[in-house]
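The values are calculated or read from the model by the stated rules, or taken from the named source; none is laboratory data. Here the structure is a predicted model, which is why all the values come from computation and not from measurement. In this analysis, Cβ positions are derived from the backbone assuming ideal geometry, glycine residues included, and neighbour counts consider all displayed protein chains. Ligands, DNA and RNA are excluded from the accessible area calculation, which covers all protein heavy atoms including side chains. Shrake-Rupley method; radii C 1.70, N 1.55, O 1.52, S 1.80 Å.
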Amino acid sequence: GHVTESPFERNHLALMQDLADRAAMALDNAGLYAERVRVAQTLQRSLLPEVLPQMDGIALASAYHPVGAGNEVGGDFYDAFQIGSGCWLIVGDVCGKGPEAAAITALVRHSVRALAFTEEDPGRVLRAVNRVMLSHELYGRFATAVLARIDLSGGRQAVTIASAGHPPPVILDPRRGAFCPQVGGVLLGVIDEIEPESQRVALGRGAMVLLYTDGLLEAGAPRRGLSPEQLCELLEREHPSSPAAAVDSLDRLARAQGAGTLRDDIAILAALVDSP
């Protein structure tokens with residue numbers, strides 16, 4: 001005989017259909033989010049060196065900690081490469097996060113690499129990078145950077161440093177202790193012409209150069225912000241024997257200042273001169 005569907009059964013089926021639709025939507029969203037995270041992580045890796053280069057007379061170490069949602073590309077970056085007798089180091093911070101920041105990061109990083117083939121002075125390289133940035137439509141975005149060139153030629157080791165609105169590096173020297181070269185400069189991508197001044201510092205064997213982004217200084221802000229001079233004091237007390245140990249010291253400091261969590265992206269790059 002004919003079976004009449006009860007209102008209860010109709011409501012039950014409608015509820016089950018609604019739940020099935022919601023589950024399908026949740027799965028779709030989870031898949032999309034996972035794909036966005038994968039794309040972001042792939043893009044992030046493409047903006048950083050896969051491995052640090054092996055260089056005669058120089059040992060390198062680095063750390064990078066992006067902060068934020070998994071589908072956001074951080075604005076901090078670093079790079080190290082060798083051209084001739086020079087080892088180039090750069091650490092920078094691009095305004096914002098996401099694809100737009102990633103595009104500027106790639107522009108700055110690859111412009112530095114290209115310009116370093118014909119220009120040995122870091123200040124003039126940053127000046128040219130600023131021109132490159134201004135030739136693109138960046139919609140008000142800017143970047144800070146510190147650029148260093150370690151020269152081991154002729155038995156007289158030295159580092160030449162220039163900055164564009166970025167915190168100064170720390171130099172650990174067995175003879176002079178820890179200090180911050182007084183380098184300043186205007187942000188990249190803001191005004192038509194900048195004139196970053198390069199400072200040359202002699203390096204003894206065992207000297208270390210450390211570059212970092214301001215996320216390290218602001219890890220404990222607003223209560224416990226750090227100054228570059230306080231970083232010098234910490235590193236002088238700990239006296240790290242290797243670039244990896246120095247990076248580890250700064251890593252631990254940032255997490256201690258932030259009570260275990262980081263407020264902003266952090267990039268750290270350390271180079272030890274170990275040639276005779």
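Give the residues of the stretch 107-135 whose amide nitrogen is closer than 18 Å to a point set 7 Å from the Cα of residue 193 in the direction of its Cβ.
Once the point is set 7 Å along Cα→Cβ of residue 193, 123-135 turn out to lie under 18 Å by backbone N, inside the stretch 107-135.
Would you mind putting 228-236, 118-126 in packing order, based on average other-beta-carbon counts within 10 Å, highest first?
Top to bottom by mean Cβ count within 10 Å: 118-126, 228-236.
Debye calculation, C-alpha points only, no solvent: report log10 I(q)/I(0) for the stretch 176-220 at q = 0.30, 0.32, 0.33 Å⁻¹, in the same order as the q values.
-1.18, -1.22, -1.24
Quick one: which residues, 5+ away or cross-chain, put their amide H under 5 Å from the amide H of residue 58? H built at 1.01 Å from N.
274
If you take the beta carbon distance between residue 227 and residue 83 as r and set R0 to 30 Å, what does 1/(1 + (r/R0)^6) give as a FRET efficiency, to the nearest 0.05?
On the way: r = 33 Å, r/R0 = 1.10.
For R0 = 30 Å, the calculated efficiency reads 0.35.
With a cap of 16 neighbouring Cβ atoms within 10 Å, and only residues DSSP puts in a loop, list the chymotrypsin sites (Phe, Trp or Tyr not before Pro) found in the stretch 121-222.
Working: sites: 139, 142, 179, 212; in loops: 139, 142.
Hits after loop and neighbour filter: 139.
Sort the stretch 80-235 into rounded, prolate or oblate with this rule: let a ≥ b ≥ c be the square roots of the eigenvalues of the Cα gyration tensor; rounded if a/c is under 1.5, and if a/c is not under 1.5, prolate when a/b is larger than b/c, oblate otherwise.
Working: a/c = 2.13, a/b = 1.19, b/c = 1.79.
The shape class here is oblate.
Provide, for q = 0.26 Å⁻¹, the log10 of I(q)/I(0) from a solvent-free Debye sum over equal Cα point scatterers in the stretch 93-163.
Taking Cα atoms of the stretch 93-163 as identical point scatterers yields -1.20.
If amide hydrogens are placed 1.01 Å from N in the peptide plane, which non-local residues have theirs closer than 5 Å to the one on residue 265?
67
Collect residues whose amide H, placed 1.01 Å from N in the peptide plane, falls under 5 Å from the amide H of residue 166; neighbours closer than 5 in sequence don't count.
Hits under the 5 Å cutoff: 145.
Ignoring ligands, DNA and RNA, please state the percent of accessible area on the stretch 92-248 from carbon and sulfur, probe 1.4 Å.
Working: 3590 of 7150 Å².
Heavy-atom surface of the stretch 92-248 belonging to carbon and sulfur, 1.4 Å probe: 50 percent.
Report the far tail of the P(r) of the stretch 172-252, meaning the percent of Cα-Cα pairs longer than 17 Å.
Numbers: 1788 of 3240 pairs.
Pairs farther apart than 17 Å: 55 percent.
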